[in-house]
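Below: one structure, written as structure tokens.
The values are calculated or read from the model by the stated rules, or taken from the named source; none is laboratory data. Here the structure is a predicted model, which is why all the values come from computation and not from measurement. Note that each Cβ is placed from the backbone with ideal geometry, even for glycine, and that neighbours are counted across all protein chains shown.
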Amino acid sequence: MPEPDLRIRVGVDIVGVERIARLASEHLARLDTVFTAAELEYCSRKRRRDDHLAARFAAKEAVLKAVGTGLRKRMQWTDVEVVRDASGRPGVRLHGEVAAIARRKGVARIELSLSHSAGLAMAGAIAICSEPSDREWAA
Amino acid sequence: MSTTDVHKAVQEAVVGALGVSEDEASPDATLMDDLGAESIDLLDILFRIERSTGVKIAASDLGDYIQGGIPDDRFSDDNGIISAEGLEHLKTVMPQLDEGASLEAEHVIQHFTVQNLGDMVAQRAAAGAGA
């Protein structure tokens, strides 16, 4: 049976805020290998910084699941960047190897939702795929 | 740093990051299946190893090490099962794997042990020292 033109793939992830807080306090100097400068700057301005870091880490995992890649290849955690539009709505910008994989898999758009409460941060990502495209993910 | 010291440092990193005992972090324990490590824990382990040994390893390096530079389409077949070429390479980096096993490429990292990680770090340390 031929595949339909439009396909969606879903990824979700949940991260304990305490776990990311411990990582951040013990390896502060290495956080730039996990989060982009813009993500770190955004979170550092928040009163509950670790909640926002945890939500971003969950988002990276959720997006990787939705795109369908794991910890393989030359992937960097910073290849998945959580951004916000003017209204504050979260979105995704892909870079490097993950952007290349997304292109190959025909991912045309990714919708993202974040939430944190009671010491947990959660993210859900929906990758909307069409035919493989040349879309330039990186801004 | 000797190979023994590297393996000791790797075990200490696993113990510190996962909060398990030294007995639990035995050489043949798999990081993900046996010890329950998630990706954030792997990051913690690798950061700790870097701090104690100076060997820098990215999380994605684990996959590269396991696959050994073999392209995806040769490492596994269309169903994602590891090929004969892939299994031949795996014998060198994960010798504990059952030769006759039908392994999915996507899940092979779940069989990665504390010993495998120690071997990888020791190899990187030796390569760095020789550079």
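Considering only helices (runs of 4 or more DSSP H) fully contained in the stretch A:10-76, which possess at least 1 residues that are more than 10 Å from chain B (Cβ to nearest Cβ) and within 14 Å of residue A:124 (Cβ to Cβ)?
Numbers: elements: A:17-26, A:37-44, A:49-67.
Because the criterion is at least 1 residues that are more than 10 Å from chain B (Cβ to nearest Cβ) and within 14 Å of residue A:124 (Cβ to Cβ), the helices (runs of 4 or more DSSP H) in the stretch A:10-76 that meet it are A:49-67.
Determine which single condition residue B:99 fails, assuming it passes every other condition in (1) more than 25 Å from residue A:64 (Cβ to Cβ); (2) in a helix (DSSP H, G or I).
(2)
Looking for whichever is at pLDDT 95 or above, surrounded by fewer than 19 Cβ atoms within 10 Å (Cβ to Cβ) and of a type in the set (Asp, Glu) here; the options are A:111, A:97. Which one fits?
On the way: A:97 fails: at pLDDT 95 or above.
When all the criteria are applied, what remains is A:111.
Looking only at residues that are over 22 Å from residue A:30 (Cβ atoms) and within 11 Å of chain A (Cβ to nearest Cβ) in the stretch B:18-67, which one is farthest from the chain's Cα centre (by Cα)?
B:67
Between residues in the stretch B:13-34 that are closer than 15 Å to residue B:118 by Cα and touching a residue at least 12 places away in the same chain (Cβ under 8 Å) and residues that are among the polar types (S, T, N, Q) and surrounded by 15 or more Cβ atoms within 10 Å (Cβ to Cβ), which pairs lie under 6 Å by C-beta distance while being six or more apart or on different chains?
B:25/B:11; B:27/B:115; B:28/B:113; B:30/B:113
Can you report the number of residues in the stretch A:114-133 which are under 14 Å from residue A:63 (Cβ atoms) and either at pLDDT below 95 or surrounded by fewer than 17 Cβ atoms within 10 Å (Cβ to Cβ) (or both)?
Matching residues across the stretch A:114-133 total 2.
Here is a check on your reading of the model: is residue B:3 touching a helix residue (DSSP H, G or I) at 6+ places or on another chain (Cβ under 7 Å), crowded, with 19+ Cβ neighbours inside 10 Å and polar (S, T, N, Q)?
On the way: touching a helix residue (DSSP H, G or I) at 6+ places or on another chain (Cβ under 7 Å): yes; crowded, with 19+ Cβ neighbours inside 10 Å: no; polar (S, T, N, Q): yes.
Against the criterion (touching a helix residue (DSSP H, G or I) at 6+ places or on another chain (Cβ under 7 Å), crowded, with 19+ Cβ neighbours inside 10 Å and polar (S, T, N, Q)), residue B:3 does not qualify.
Would it be correct to say that residue A:86 is crowded, with 16+ Cβ neighbours inside 10 Å, small (Gly, Ala, Ser), more than 12 Å from chain B (Cβ to nearest Cβ) and out of contact with any strand residue (DSSP E or B) (no Cβ under 7 Å at 6 or more places or on another chain)? First the steps, then the outcome.
Details: crowded, with 16+ Cβ neighbours inside 10 Å: no; small (Gly, Ala, Ser): yes; more than 12 Å from chain B (Cβ to nearest Cβ): yes; out of contact with any strand residue (DSSP E or B) (no Cβ under 7 Å at 6 or more places or on another chain): yes.
No; evaluated as a whole, the condition is false for this residue.
Just for the stretch B:101-130: of the residues that are at pLDDT below 85 and more than 18 Å from residue B:75 (Cβ to Cβ), which one is nearest to the other protein chains (Cβ to nearest Cβ)?
B:128
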